[in-house]
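The values are calculated or read from the model by the stated rules, or taken from the named source; none is laboratory data. Quick caveat: nothing in here was measured; it's all calculated off a predicted structure. Virtual Cβ from ideal backbone geometry, glycine too; neighbours counted across all protein chains shown. Quick note on the areas: whole protein, heavy atoms, side chains included, nothing else; ligands and nucleic acids left out. Shrake-Rupley method; radii C 1.70, N 1.55, O 1.52, S 1.80 Å.
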Amino acid sequence: MPHSIDFLYQKYLECRHVSTDSRAEQDQSLFFALNGPNFKGAKFAEQALQKGARYAVVDDPAMASANCFVVEDTLQALQDLARHHRQQLSIPVIGITGSNGKTTSKELVHAVLSQKFNTLYTQGNLNNHIGVPLTLLRIKPAHEMAIIEMGANHIGEIALLCSIALPTHGMITNIGKAHLEGFGSLEGVARGKSELYLHLDQYSGTVFINTGNEHLVRMSRRIAQKITFPAANDFYHSELLEASPFVVYRDEEGNTVQTQLVGSYNYENMAAAACIGKYFGVPLEQANEAIAGYSPVNNRSQVLQKGSNTLLLDAYNANPTSMAAALRNFGGMNAPRKVVIIGDMFELGAESEAEHRAIGEIAAAQPFDTVLLCGKDMRYAATAKETFLHFETKADLQQWLQEHPVSESYILIKGSRGMGLETLVELF
C-alpha cells in the first residue's frame, strides 16, 4: 500500500534536503526516484542510498524496505509533499512569471528583500513542475519570505505551480512571444501567464502591476488587491534616465541610481523590485543599494570588456519580444561601432519564419555597422538587408570571426540557449 504524504513529511523532516539526481551529493537526503522519458528512476534509488541518501521514494513495490518508500507516482508525491510543506508555512510567498525578465526580476527582488528579511529564492532556472517543488522544500523555519520563479510553455502549467506554491503575492513581468509552439499564440501566452493573477485573486492575494504595460493593466482589471509602479501616481514611482549601456534611474525621492544592468527593458525589473521592497518596508536607500549592487551572471545582460571591445552578452535565451527589445536598445546606444551577432530563436513552431523575418526588419532599421546572423532560421532574417551576413552553423561564424577580427566595437551577442553563442566571447 502506498505511503501517505503525512508519513513522507515526517521522513522529510528527518532529512537535510531533497534530491532527484542520484549523481549529486546526497548527504542525508530524501531521494525521489523520478522517471524520465527513457528511464525508470527506481533503478537509481540504490545508488542514491549508497551515496548517503537517508531515504528513497520509488514507484516499484518490489523495492519496499525500511528506507525505501513506495508511492504510486513519484513526481506526484514530490509535488504533494511540497504543497503540504507550503501549507505549514505562514510566510509571504511571491510568485514571479512572465515571458521575459523572470530571472532578473527574481534576483533583484531577492537582493532588495534580503536587506530586511531572511529570504529564500529560486536557484538557477528551477522554475518548472519539478524545480518549484524542490525550491519550496528548501524553505526552513528561519526563512521569513520566499520568492518563487514560475516558468511555463503551455496553458495550465502556471495554474499547477500556483496550486503547489500557493503564492500570497505575485507579479507577471510581461507578455511576449515566447514558447509560441506550446501556447499557440500571444493570446495563449497571456492566458497561460494570467493563471497567476486568477489564483491570487481567488485567494485574496496581492498583485504587483507595471502600469506602463497595457497587457498587464488590461489583464488585472478585475484584481481586487493590486500595488502599482512606476508612474507618477502609482504606489512606487521612478523614472528611467538612460541606458547607454548601463541603466540609470531616478527614484521617487529624486536620488539618481547607477546600476550594473544594461538595456532599458531591465529598468522595469528594477522598478518592480523597488516597489515590492517599499511594500514590505525595505528603506528606499537600502533598496537602491541592493539594485545598484546587483551584477548579472550566467550570460544574462552581462557587459564584458575584451581588449578594445565592449561585449553585451545576453545569450541565455531569446524570443521575438526580448530580441526586438535588445536590438532597439542596442541601436539607441552611443557607441563608436556596433556589431550585432544574433542566433536562432527556438520554440516558435509555425511562426518561426515570420518572426525571424520580422527580427531582420528590426535589425535593418537600426544603425548597426555589421550584422552577423547564425542558425538555420536566421536565414529568413538575412533577407532584410543585403549587407547582413548569414552563417548556417556556429562553426562557420567562428571561422569568419577568426578571419575578420573585430576591434574597437560594441558587440551584442544574443540567441536561444541551444545556440550556445556565449562560446564566441573567447574570440574577441
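Side notes on the structure shown:
- Here's how it looks for V371: its modeled amide H is under 5 Å from those of V340, L389, which are all 5 or more places away or on a different chain.
- Coil-residue trypsin sites (Lys or Arg not before Pro) of region 191-270, DSSP, other Cβ within 10 Å capped at 10: R221, R222
- Our note on the geometry: Cα centres of region 246-281 and region 1-65, 43 Å apart.
- Average Cα contact separation per residue, region 251-295, under 8 Å, 6 or more apart, as relative contact order %: 53
- Taking the protein heavy atoms of the chain in the context of the full set of protein chains, the accessible area attributed to carbon and sulfur is 48 percent at 1.4 Å.
- Per residue, the Cα convex hull of region 226-295 amounts to 75 Å³.
- Within straight-line reach of K193, meaning a Cα separation under 26 Å, sit the following lysines at least 8 residues removed in sequence or on another chain: K102, K106, K177, K226, K278, K414.
- Entry note, the chain: relative contact order of 11 percent, from Cα contacts under 8 Å with a spacing of 6+ residues.
- Of the residues G254, A77, P367, the one whose Cα sits farthest toward the positive end of the charge dipole of the chain, with +1 on the Cβ of Lys and Arg and -1 on the Cβ of Asp and Glu, is A77.
- Annotation: amide H-H contacts under 5 Å for R337 (H modelled 1.01 Å from N, sequence separation of 5 or more, or interchain): Y410.
- Note on N255 and E46: the model spin-label points, each 7 Å out from Cα along the C-beta direction, lie 6.0 nm apart.
- Each of Y294, A66, V339 was scored by the projection of its Cα onto the charge dipole of the chain, and the greatest displacement toward the positive side belongs to A66; charges sit on the C-beta of Lys, Arg, Asp and Glu.
- In this simple spin-label approximation, E353 and A231 carry label points 7 Å from Cα along the Cα→Cβ vector, and these lie 4.1 nm apart.
- Highest-first arrangement of 118-130, 314-326, where packing means the average Cβ count within 10 Å: 314-326, 118-130
- DSSP-assigned coil residues among trypsin sites (Lys or Arg not before Pro) in region 1-31, each with at most 14 further Cβ atoms within 10 Å: R16, R23
- Of the GluC sites (Glu not before Pro) in region 1-73, those whose Cβ has at most 13 other Cβ within 10 Å and which sit in DSSP loop: E14, E25, E72
- Listed residues P245, P167, P336, most fluctuating in the chain (Gaussian network, C-alpha, under 10 Å): P336
- Dipole size of region 1-134 about its Cα centre, with +1 on Lys/Arg Cβ and -1 on Asp/Glu Cβ: approximately 400 debye, rounded to the nearest 20.
- Under 22 Å from the Cα of K43 - lysines, other chains or at least 8 residues apart: K11, K51
- Summed over the residues of region 1-85 and divided among them, the accessible surface reaches 52 Å² per residue at a probe radius of 1.4 Å.
- Equivalent ellipsoid semi-axes - Cα gyration tensor, region 67-148, angstrom: 25, 16, 9
- A simple charge model with +1 on the Cβ of Lys and Arg, -1 on the Cβ of Asp and Glu and nothing else charged puts the dipole of the chain at about 440 debye relative to its Cα centre.
- Hull volume per residue, based on the alpha-carbon atoms of region 1-146 and their convex hull, is 120 Å³.
- Diffusion coefficient of region 89-241 by Stokes-Einstein, Kirkwood radius over Cα pairs, 10 °C, 1.306 mPa s: 102 µm²/s.
- 1.4 Å probe accessible area per residue over region 187-244, in Å²: 53
- Take region 285-428 with all the other protein chains still there, run a 1.4 Å probe, and you get 43 Å² of accessible area per residue.
- Close amide H contacts of V57 (hydrogens built in the peptide plane, cut-off under 5 Å, sequence separation of 5 or more or a different chain): F31, F32, A33, F69.
- GNM top mover of H154, H390, H143 - the chain, alpha-carbon springs below 10 Å: H143
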